[in-house]
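The values are calculated or read from the model by the stated rules, or taken from the named source; none is laboratory data. What you see is a predicted model; the values in this text were computed from it and never measured. Cβ placement follows ideal geometry from the backbone for every residue including glycine, while neighbour counts extend to all protein chains displayed.
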């Protein structure tokens, strides 16, 4: 079974491109004509850099992923399925954990496939249209349920850099 994306995944890709262009414009514009005070310029640069890093390396690289589950392997393509594929044999996984992210718009479940004690694949109810079907296949393949894990922004931030 192949994963399918919701509208939010495509919107995130567009926002990442917009933030890339805005960051370049702010940095190059102020370098050519320094009209913004240095402190305000640095704060704006840090904001754009953090937001871009979160979108590009946090969300697009780890959550907005194309997944294909076959009988004996799982294939992952990061960045909305636009990157190179990486294939994992089913027996490489220790199991899975789930987590719930609550927001103003609702609560969304995440499923983390664990290999060698690390979160290798993240499936997101927010980004994947067929999340429940993907989860059902993982459960039917007898992946070990490693427990529920409380959602942590600190862990999400750590995953960006690992």
Can you name the condition, by its number, that residue 49 falls short on among (1) without any contact (Cβ under 8 Å) to a residue 40 or more places away in the chain; (2) within 19 Å of residue 156 (Cα to Cα); (3) assigned to a strand (DSSP E or B)?
(3)
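If you go through segment 131-141 one residue at a time, do you hit one that is over 16 Å from the mean Cα position of the chain (by Cα) and under 29 Å from residue 19 (Cβ atoms)? Full working, then the answer.
Filtering segment 131-141 for residues over 16 Å from the mean Cα position of the chain (by Cα) gives 132-141.
Then drop every residue that is not under 29 Å from residue 19 (Cβ atoms), which leaves 134.
Within segment 131-141, one or more residues are over 16 Å from the mean Cα position of the chain (by Cα) and under 29 Å from residue 19 (Cβ atoms).
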Please name all residue pairs, on different chains or six or more residues apart, with Cβ atoms under 6 Å, provided the first residue is in segment 108-129 and is without any contact (Cβ under 8 Å) to a residue 40 or more places away in the chain and at positive phi and the second residue is in a strand (DSSP E or B) and surrounded by fewer than 18 Cβ atoms within 10 Å (Cβ to Cβ).
none
I'd like to check something: does segment 85-101 contain any residue that is crowded, with 17+ Cβ neighbours inside 10 Å, without any contact (Cβ under 8 Å) to a residue 40 or more places away in the chain, out of contact with any strand residue (DSSP E or B) (no Cβ under 6 Å at 6 or more places or on another chain) and in a helix (DSSP H, G or I)?
no
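Just to check your reading of the model, which residue among 60, 22, 15 is in contact with a helix residue (DSSP H, G or I) (Cβ under 9 Å, 6 or more places away or on another chain), closer than 17 Å to residue 121 by Cα and in contact (Cβ under 8 Å) with a residue 24 or more places away in the chain? Full working, then the answer.
Working: 22 fails: closer than 17 Å to residue 121 by Cα; 15 fails: closer than 17 Å to residue 121 by Cα.
Going through 60, 22, 15 in turn, the sole match is 60.
With the structure loaded, tell me whether residue 71 is at pLDDT below 95 and either farther than 16 Å from residue 1 by Cα or part of a strand (DSSP E or B) (or both) or whether it fails that test. So that I can check it myself, show each step before the final result.
Working: at pLDDT below 95: yes; either farther than 16 Å from residue 1 by Cα or part of a strand (DSSP E or B) (or both): no.
No.
Return the residues of segment 138-152 that are touching a strand residue (DSSP E or B) at 6+ places or on another chain (Cβ under 9 Å), in a helix (DSSP H, G or I) and loosely packed, with under 15 Cβ neighbours inside 10 Å; say none if nothing qualifies. Quick ask: steps written out before the conclusion?
From segment 138-152, those touching a strand residue (DSSP E or B) at 6+ places or on another chain (Cβ under 9 Å) are 138-139, 141, 143-152; that's our starting set.
From the residues that got through so far, the ones that are in a helix (DSSP H, G or I) too are 138-139.
Residue satisfying the conditions is 139 alone.
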Residue list for segment 70-84, restricted to those being more than 17 Å from residue 9 (Cβ to Cβ) and surrounded by fewer than 20 Cβ atoms within 10 Å (Cβ to Cβ)
70, 71, 72, 73, 75, 84
Kindly list the number of the only condition in (1) out of contact with any helix residue (DSSP H, G or I) (no Cβ under 7 Å at 6 or more places or on another chain); (2) under 30 Å from residue 134 (Cα atoms) that fails for residue 37.
(2)
Restricting segment 3-12 to residues that are touching a residue at least 24 places away in the same chain (Cβ under 8 Å) and part of a helix (DSSP H, G or I), the one surrounded by the most Cβ atoms within 10 Å (Cβ to Cβ) turns out to be 9
When residue 63 is run through (1) in contact with a strand residue (DSSP E or B) (Cβ under 6 Å, 6 or more places away or on another chain); (2) surrounded by 11 or more Cβ atoms within 10 Å (Cβ to Cβ); (3) more than 19 Å from residue 158 (Cβ to Cβ), the failure sits at (3)
